[in-house]
Amino acid sequence: MVTASPYHKNGGVRNVPEWRLFLSKGASFLYRRVLRSKLDTYTSCFRVYRRSSVVNLPMTETGFLGVAEMLGRLDLSGGKIIEYPATLEVRLFGFSKMKTLRTVFGHLKLLSNLLKIRFDTRKNAIETKSIKEIAEKP
């Protein structure tokens with residue numbers, strides 16, 4: 001997956017309200033703690049995917065959260081994710097359909113689910129290793 005990142009060292013932001021940057025950077029801080037890939041941004045909605053990497057991911061979210069979930073599940077399944085610098089600018093026409101408070105709580109719920117997946121995967125790997133070690137001993 002390639003994800004556009006305004007927070008990449010060669011990216012940028014223009015005329016974006018401080019409160020929006022605060023929420024976005026706060027979300028990225030939390031995702032960085034939960035996921036393996038240490039990206040500058042996790043909530044970008046501009047991405048390029050290799051179909052074979054995402055077609056079988058078990059998705060539960062839609063919309064804004066679905067974009068973050070796809071990145072999270074790809075990361076936890078060992079997929080390769082790279083960032084490409086981009087510039088984020090304030091919208092010139094129309095308005096966002098995002099409901100801010102609902103999206104914030106949705107990200108917190110998604111982070112909790114991804115954290116469970118990460119530690120369940122680690123626990124299963126440890127248990128599998130232990131079973132193999134027991135089976136190999138005489």
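Every read-out reported here was derived from the displayed coordinates using simple, explicitly stated rules and does not represent laboratory data. What you see is a predicted model; the values in this text were computed from it and never measured. Cβ coordinates were reconstructed from backbone atoms using ideal geometry, including for glycine residues, and neighbour counts include every protein chain displayed.
Couple of notes before you dig in:
- Ordering VAL34, VAL48, VAL2 from the fewest to the most neighbouring beta carbons within 10 Å gives VAL48, VAL2, VAL34.
- Across LYS25/LYS97; LYS9/LYS97; LYS9/LYS116; LYS38/LYS97, pairs whose alpha-carbon gap is larger than 26 Å: LYS9/LYS97; LYS9/LYS116; LYS38/LYS97
- When DSSP beta bridges are restricted to pairs lying wholly in the chain, around 20% turn out antiparallel.
- When only the Cβ of Lys, Arg, Asp and Glu is charged (+1, +1, -1, -1), the dipole of the chain relative to its Cα centre reaches about 60 debye.
- 3J(HN,Hα) couplings calculated from phi for segment 72-83 with the Karplus curve 6.51 cos²θ - 1.76 cosθ + 1.60 (θ = phi - 60°) are, in sequence order, x, 5, 5, 4, 5, 8, x, x, 8, 10, 10, 9 Hz; Gly and Pro show x.
- Note that segment 47-106, at 25 °C in a medium of 0.890 mPa s, gets a Stokes-Einstein diffusion coefficient of 179 µm²/s from its Kirkwood radius over C-alpha pairs.
- Rg ratio (alpha-carbon, reference 2.2 N^0.38 Å) - segment 1-52: 1.19
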